[in-house]
Amino acid sequence: MESRLNYFGNTLGAKVLKHINSANKVITDSALPLVIQELVKLRASQINGCGFCTDMHSKDAAHAGETPQRLNLVATWREAKVFSDAERAALELAEQGTRIADAAGGVTDEAWANAAKHFDDEQLTALISLIAVINAYNRINVINQQPAGDYQPGQFG
């Protein structure tokens, strides 16, 4: 399987990714816990059918110490007892923010209020930004049919 074009090696693609990566770095360095960041990236990538990002973020999370049980249950987090209330709130916000076109009202007030119980304004800003950034990455990779499976943790720095 090959991607439709070499987006990563394309001059314009590299410029776009440089800016998205810069935004991602700001989020990574924020007060939003890294475990929540990886869970959100993984869940959004699953929803969007982005094999490249699902591969990447499951491996990065495992490399950072996330357990196989929790990684295997991210897609069914509502039925799993292994996630904290804060993680559940972040996953719900990520799902609603990713599936924004599926719901005429966008993100519900209930999902927002639940997230606001667990995160301060800086963390909420990081969470909103993270959902937007991972969805941008997902869309680039899905449209380009970027193959999955070869990613190694730390590959991109």
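Assorted remarks:
- Over the stretch 28-100: Kirkwood hydrodynamic radius from C-alpha pairwise inverse distances, Å: 12.2 Å
- Only Lys, Arg, Asp and Glu carry charge here, each on its Cβ (+1 for the first two, -1 for the last two); on that basis the chain has a dipole of about 440 debye about its Cα centre.
- Accessible area, probe 1.4 Å, largest first, for residues Glu122, Glu2, Glu66: Glu2, Glu122, Glu66
- Asn72-Val142 pseudo-label distance in nm [points 7 Å out on the Cα-to-Cβ vector]: 2.6 nm
- Rounded accessible area per residue of the stretch 15-157, 1.4 Å, Å²: 52 Å²
- Helix runs (DSSP H) in the chain reaching 30 Å along axis by Cα, Kyte-Doolittle at least -0.5: 121-144
- Report note on the peptides 115-121, 38-44, 83-89: ranked by the mean count of other C-beta atoms within 10 Å, highest first, their order is 38-44, 83-89, 115-121.
- Model label points for Ile100 and Lys81, set 7 angstrom from Cα along the Cα-to-Cβ axis, are 3.7 nm apart.
- Rg/Rg_globular for the stretch 91-130, with Rg_globular taken as 2.2 N^0.38 Å and Rg from C-alpha atoms: 1.10
- Accessible area of the stretch 65-157 belonging to carbon and sulfur atoms, whole % at 1.4 Å probe: 53 percent
- Global size of the stretch 10-69 as Cα Rg and Dmax, reported in angstrom: 12.7, 40
- Percentage of interatomic Cα-Cα distances in the chain larger than 26 Å: 24 percent
- Sorting Trp77, Trp112 on solvent-accessible area from highest to lowest, probe radius 1.4 Å, gives Trp112, Trp77.
- Note that the stretch 85-157 shows a convex hull volume over its alpha carbon atoms of 121 Å³ per residue.
- In the assembled protein chains, Thr11 presents an accessible area of approximately 100 Å² (probe radius 1.4 Å).
The values are calculated or read from the model by the stated rules, or taken from the named source; none is laboratory data. Everything quoted here is computed from the prediction, not taken from an experiment. Cβ: placed from backbone, ideal geometry, glycine included. Neighbour counts: every protein chain shown. These accessible areas exclude ligands, DNA and RNA; they are computed on the full protein's heavy atoms, side chains included. Shrake-Rupley method; radii C 1.70, N 1.55, O 1.52, S 1.80 Å.
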